[in-house]
Each structure stands twice: as structure tokens, then as C-alpha cells.
Amino acid sequence: MREAVVVEAVRTPVGRRGGALSAWHPVDLLGLALTALLDRTGIDPELVDDVIGGCVDQVGEQSLNTTRNAWLGAGLPESVPATTIDRQCGSSQQAAHFAAQGVLAGAYDVAIACGVEHMTRVPMGSGVLGADPWGRGMTDRYTATGLVPQGLSAEIIAARWDLDRAELDDWALGSHRRAAAARDSGAFRDEIVPVPVDGGAVTADEGIRDDTGADKLAALRPAFYDPAIAAAHPELRWVVTAGNASQISDGAAALLITTPDRARELGLTPRWRFTAFALAGVDPVTMLTGPIPATQKVLARAGLSIADIDHVEVNEAFASVVGAWLRETKADPDRVNPRGGAIALGHPLGASGARLMTTMLHALEQTGGRYGLQTMCEGGGLANATILERLG
């Protein structure tokens, strides 16, 4: 039976909106990650069967098949195909699913999963400005509740799972502290590819706030408070702020996926094995609770319990998403996002799935952990979950 393994995973530093990566075109930023991946493995790029990339706002500079443009823009062979997919925030995690599943099926021998989002140059929601993305059928179906932005979904989750402001801010502060500790210890060194800029190179994530504290977080105003909604829904607590939500960011990441036998033929080491995949759908109003059923499904498919998992990545779109997930799974919080999450490191939408996976895999290798679980909430009420096993 065929297996799918990862032999290398890399990412750029994650840049703040308007920060050090802002001059980079998203196509070129992804091209840099792809080139770095190939350089590290030494593989002949002609051997790649497909390149599958995630990107959410596929408009403007991220339109017309960003992944293919990145591959060609990096000077790589025209004979290698590439495609760009959108499963919202889980786009590049889904790219990894498709690449690994293609290897398992025998459709590919070597594939690359990757992702990019440049939220400075292509702001979130650019693809729907002045347009109706829902259509009549979906609008009519959810007339009673109304389709709401994700910030309000995060507020609904906080109320439903009894998560107060102090708990959310505490998780956010911990995210910054864990990310800072990982940066300072050099834990990110194996995964980050320096990005050249005028006068030097960006080598570290820009979003980590060393100077934040509980008082600063507590002073922030609720980000999504609406008097009309508050009057109609007194159960909402208005606890979601810019401080306990993910950052708007720029970044790219890439992974090389193949079979163990093919890896050895190419002189490469199979380092991490795909163990199980799962998807979940939930209602598009609460929207962000999908990681809960996705986690339950992927654990069942792997024949594992949450106690078997050494490292968990739950994307910190909002602290309330992680809080609800922890309530339901009873996971050890110390094993969840141990190197910080999107609250501290940032959330470049289409790149985040590959970024989380890259961080998790290198962490497993550095700490000697065996199993890693990654899950992400996604717009429209979707979620991906993946379990990988460290080899060796």
C-alpha cells in the first residue's frame, strides 16, 4: 500500500500588513518559497508531477492562477503544471490533502503543496467588493439568522461556550509569549526562508509583540460591537478584540510530498507521514466551529485519541475558536499551538494551512514528538483536519 510523506517544509517569515514584505508581489513571494524548497531538497524540478497552491482572494495581483505564475516566475520548468485552490483559510492545508491523496492514489509520485496570501497588496474581501457572493438561494435559506461576518461568529461562539474576555485575552497573551520564546530559542530557524529586502533580509515573523501585556489587551475595545445587533442579541458579550484575533499578514509556505520509496530513490529522507485526513461542514453563521467535528473525525479515522497527539495546531483565527475547541476536546492546552499561533504570528489566509503544517512538522522533529494534528476553521462553515506522524 502506498504512503505519502513530507520530505521538506519551508515558509517565509510572516509579515505585518504594510510591513517588511509589502514591496514583494505575491507571485514572487510564493516563487521564493518554491525555489527554497527545491534548493533544500536538491530535487530536479522536472520530476514534480503537480504544484497545488492555496490562495483565498484570487483577484488583482493574486488572480489568473497564482501558483502557476509563481512557478514560472521563479524560472522553473514550463512542463510542470500548477493549480490554485480556495477552501478559504484552509486553502493550503487542502492543497496538502490533495497533493498527499494524489500520491496515495498513484496519480502523483512527487507533488508540491503550497500557499500564499499578500493581504497588504490584496486586502481581505477584495474579491467581493460591490458584489453579491451569496445569490438568492443562500440568502433566502439563512434569512432568519442572517449571514454574518466572522467577527460576529466569534462572538456567538464566545457566548455559546461561556468564554469571557479575560480567558480570551489570556490565550492571546500566551500566544505572543510562546511565539517569542520559539523565535528567541531559534526554534523557527529550520523552517524560515529569509526574504531579501532593501538593505538586508527579513528573517523573523513581524507580528510577535514582545511589549504586550494583560493591561494592554484589556484596554482594547470590542472590534465588532454593533448597537442594533447588541439590542437584538443580549446574550452576546462583545469580547472579541483586535488583540485576541488573528493578524492581517503577508506570507508563503511550501511542502514537498512523495512516497517513501521515491524519496529514497532521490536521496531524500522521508521525515513525516500523512496518517489521516478529515473535512467537516457546519452552519455558515456560527461558521468557525468546524474544527471540533473535523478533529473528532480525523482521530477516529486514525484510531487515535487526543491524548495520543503530541503537538496540535488549531488556527487562531480568534481566541474563541481555540477556546471552544479546547472545551469540547479536553485537550492539554500546553500541547496546543506551543510555538504561538495566528494571534502572534499572523494569518496570511491562503498560506496559513501550509505555514501551520510547516511549523508543526519541524516542532515534532525538534522535540521528538510522534503525532501532530492540525485543524483550521474556514469561511462558510468548513474545516480541515490532518494527522501526521514523525518518522525516524
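Of the candidates Arg136, Arg237, Arg189, Arg141, the single residue that is under 25 Å from Cys114 (Cβ atoms) and among the basic types (Lys, Arg) is Arg189.
Whenever a residue of segment 55-79 is under 19 Å from Gly42 (Cα atoms), its partners that are part of a loop (DSSP other than H, G, I, E, B) and of a type outside the set (Gly, Ala, Ser), lying with C-beta atoms within less than 8 angstrom and at least six residues away or across chains, give the pairs Trp71/Val80; Leu72/Glu78. Pairs are defined by a Cβ separation below 6 Å, a sequence spacing of at least 6 or placement on different chains, a first member in segment 211-237 that is closer than 19 Å to Ser153 by Cβ and acidic (Asp, Glu), and a second member that is crowded, with 16+ Cβ neighbours inside 10 Å and modelled with pLDDT of 95 or more; the pairs so defined are Glu235/Ala159. Taken over segment 234-261, the criterion of being in a loop (DSSP other than H, G, I, E, B), of a type outside the set (Asp, Glu) and in contact with a helix residue (DSSP H, G or I) (Cβ under 8 Å, 6 or more places away or on another chain) is satisfied by Leu236, Arg237, Trp238, Val239, Val240, Ser246, Gln247, Thr259. Within segment 176-200, the set of residues being of a type in the set (Gly, Ala, Ser), outside any loop (DSSP other than H, G, I, E, B) and under 17 Å from Met360 (Cα atoms) comprises Ala179, Ala180, Ala181, Ala182, Ser185.
Filtering segment 168-199 to residues that are at pLDDT 95 or above, out of contact with any Ser or Thr (no Cβ under 8 Å at 6 or more places or on another chain) and more than 20 Å from Phe318 (Cα to Cα) leaves Ala181, Ala182, Arg183, Asp184, Ser185, Gly186, Ala187, Arg189, Asp190, Pro196, Val197. Those strands (runs of 3 or more DSSP E) of segment 1-105 in which 1 or more residues are crowded, with 24+ Cβ neighbours inside 10 Å and of a type in the set (Phe, Trp, Tyr) are absent.
Okay, residues lined up against (1) under 28 Å from Thr203 (Cβ atoms); (2) small (Gly, Ala, Ser); (3) touching a Lys or Arg at 6+ places or on another chain (Cβ under 8 Å):
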residue	(1), (2), (3)
Thr258	no, no, no
Val282	no, no, no
Gly290	no, yes, no
Leu299	no, no, no
Ser305	no, yes, no
Asp310	yes, no, yes
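Residue selection: Asp170 satisfies the criterion of being surrounded by 14 or more Cβ atoms within 10 Å (Cβ to Cβ), part of a helix (DSSP H, G or I) and either without any contact (Cβ under 8 Å) to a residue 60 or more places away in the chain or not hydrophobic (A, V, I, L, M, F, W, C) (or both). Kindly indicate the residue of segment 106-127 that is touching a Pro at 6+ places or on another chain (Cβ under 7 Å) and assigned to a loop (DSSP other than H, G, I, E, B) and also surrounded by the fewest Cβ atoms within 10 Å (Cβ to Cβ) among those meeting that condition. The selected residue is Arg121. Please find, within segment 153-181, the residue that is nearest to Gly340 (Cα to Cα) out of those that are among the aliphatic types (A, V, I, L, M) and under 18 Å from the mean Cα position of the chain (by Cα). Residue satisfying both the conditions and the ranking: Ala179. The strands (runs of 3 or more DSSP E) found wholly in segment 274-392 and carrying at least 2 residues that are surrounded by fewer than 24 Cβ atoms within 10 Å (Cβ to Cβ) occupy 382-390. Listed by first and then second residue, the pairs with beta-carbon distance under 7 Å, at least 6 apart or on different chains, first residue in segment 24-44 and under 22 Å from His118 (Cα atoms), second of a type in the set (S, T, N, Q) and surrounded by fewer than 24 Cβ atoms within 10 Å (Cβ to Cβ), are Val27/Asn69. The one condition from (1) closer than 28 Å to Ala324 by Cβ; (2) at pLDDT 95 or above that Leu147 does not meet is (2).
Right, Gly130: more than 21 Å from the chain's Cα centre (by Cα) and either of a type in the set (Lys, Arg) or part of a loop (DSSP other than H, G, I, E, B) (or both) or not? Judged against the criteria, Gly130 is a match. Among the conditions (1) under 17 Å from Pro333 (Cα atoms); (2) buried (at least 17 other Cβ atoms within 10 Å of the Cβ), the only one that Ala181 does not satisfy is (2). Scanning segment 264-273 for residues that are surrounded by fewer than 22 Cβ atoms within 10 Å (Cβ to Cβ) and part of a strand (DSSP E or B) turns up just one, Arg273.
The values are calculated or read from the model by the stated rules, or taken from the named source; none is laboratory data. Quantities reported herein were computed from a predicted structural model and do not represent experimental measurements. Neighbour counts run over all protein chains shown; Cβ positions are idealised from the backbone, glycine included.
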